[in-house]
Amino acid sequence: MLVLGVESSCDESALALVNESGVLASVMATQIDVHALFGGVVPELASREHARLMPRLLDELWRRAGWEHDPEAGWAGVERIAVTRGPGLLGSLLVGLAFAKALAFARNIPLVGVNHLNAHLLVAGLERPLAFPALGVLVSGGHTHLYRMDSPTEMTVLGKTLDDAAGEACDKFAKMAGLPYPGGALLDALGMRGEADPQLFPRPYTHNDNLDFSFSGLKTAGATWLTQHPEARFPSGEEPAKERLDCASPLLCGAAASYLLAVAETLGIKARRALSLFRPRSIVVAGGVAANSVVRRVFRDLADEQSLDLYIPSPALCTDNGIMVAWNGLLLARSGYRHSLELSAIPRGQVIPFDWQREPAA
Ligand code: KG4
Ligand code: ZN
């Protein structure tokens, strides 16, 4: 079954064509440069960019699929249109939804709405079937959730962050240190150049017996350290930050390594606690922060120690993309789920309803 996936929940506009054998084509346009000027995502600008970019991304997708000379033949093969319906920025979601609905209506192709967080986790099964039940660790810029995953449609939240998400904690420390937004990946690159001090930063909100997270204490500890060490600030300059990484002080590189270790170990402590409550067959780590080298190492060690299978998508599939949306749409369609054109967008912070319709039996 060939599925077209549409992703527009935050600041990446992305489309992909996926079937059971894998990815036929995928395109993505990041808006990072637009938002970096403001130090964070500006929702209004994000919506406008999605509206501007989606049509040309579709042309490019068709070109990459080799269908530019016969678009009709391409459309004839698309059996479902999957679209992120939440959580995310409301305006951005609405642009993606309107685009997907227009295509579904014009081409008479069934539509299926996708939960962005589930899509992040389930794409780990694209290359190798997931072993359920799984412990899902979803770590992104806006979310930090632990899940019990029983199947692609049965995902129970076990714990989540009470304030900042893991990615947000990384981005804020990076910003305070003088790195451009979003600084998570740059912090990772700096940390690889430094030596972590396990005592430098706390493992916040771990002295309790729950599965929730709170990264605000770590953020404050990071801010305090940076105030006490103004000489550690990332050097400013004309060239892109990536090209200035070698000029960063060893002091900042060490702090970056220590901060990321604190984030990763905090995630590991709560994940280990979840494993004492139920015995999964595997651990799935996904979302933008799963691209982080320290997070990957901590979970590799945890999975080895617990003799569990570990699934972490390749770094390009960890951050927002259209492939994960198409893949989740395919899994839902295979389970007989779809939506009508009345599908609604669900912004961040609201519960996503279980409102799929069952496909008529074939
Ligand atoms: O999943 P994602 O692309 O978007 C959301 O749904 O939020 O995650 C983006 C987050 C940002 O906070 C970004 O800084 C972080 O993932 N990130 C990283 C790395 N790559 C992306 N954080 C730490 N290390 C990385 N290598
Ligand atoms: Zn995401």
Residues of segment 313-338 being within 16 Å of ligand 2 (Cβ to nearest atom), part of a loop (DSSP other than H, G, I, E, B) and surrounded by fewer than 21 Cβ atoms within 10 Å (Cβ to Cβ), in sequence order, are Ser314
Residue hits (segment 91-124; under 14 Å from Ala14 (Cα atoms) and among the aromatic types (Phe, Trp, Tyr)) are Phe99
Log entry, pairs with first residue in segment 164-193 being part of a loop (DSSP other than H, G, I, E, B), second being within 16 Å of ligand 2 (Cβ to nearest atom), beta carbons closer than 6 Å, six or more apart or on different chains, reads Ala165/Gly142; Ala165/His143; Ala165/Thr144; Tyr181/Gly40; Pro182/Asp171; Gly183/Asp171
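Kindly check whether there is at least one residue in segment 284-304 that is more than 16 Å from ligand 1 (Cβ to nearest atom), touching a Leu at 6+ places or on another chain (Cβ under 9 Å) and part of a strand (DSSP E or B). Lay out the reasoning, then the answer.
Looking only at segment 284-304, we keep the residues that are more than 16 Å from ligand 1 (Cβ to nearest atom), and these are 301-304.
Among the residues that remain, those that are also touching a Leu at 6+ places or on another chain (Cβ under 9 Å) are: 302-304.
Adding the requirement that they be part of a strand (DSSP E or B) leaves none.
Scanning segment 284-304, I find no residue that is more than 16 Å from ligand 1 (Cβ to nearest atom), touching a Leu at 6+ places or on another chain (Cβ under 9 Å) and part of a strand (DSSP E or B), so the answer is no.
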Within segment 128-182, residues of a type in the set (Ser, Thr, Tyr), open to solvent by 30 Å² or more (accessible area, probe 1.4 Å) and away from ligand 2 (no atom under 16 Å from the Cβ) come out as Thr153, Thr156
Checked Val83, Val41 against criteria (under 29 Å from Gly178 (Cα atoms), crowded, with 19+ Cβ neighbours inside 10 Å and among the β-branched types (Val, Ile, Thr)); the one match is Val41
**Asked** Is it the case that some residue within segment 14-23 is within 22 Å of the chain's Cα centre (by Cα), touching a residue at least 40 places away in the same chain (Cβ under 8 Å), within 16 Å of ligand 2 (Cβ to nearest atom) and open to solvent by 40 Å² or more (accessible area, probe 1.4 Å)?
**Response** no
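The values are calculated or read from the model by the stated rules, or taken from the named source; none is laboratory data. Keep in mind the model is a prediction, meaning the values are calculated, not measured. Backbone-built Cβ (ideal geometry, glycine too); neighbour counts: all protein chains shown. Protein only, heavy atoms only, side chains kept; ligands, DNA and RNA dropped before computing areas. Shrake-Rupley method; radii C 1.70, N 1.55, O 1.52, S 1.80 Å.
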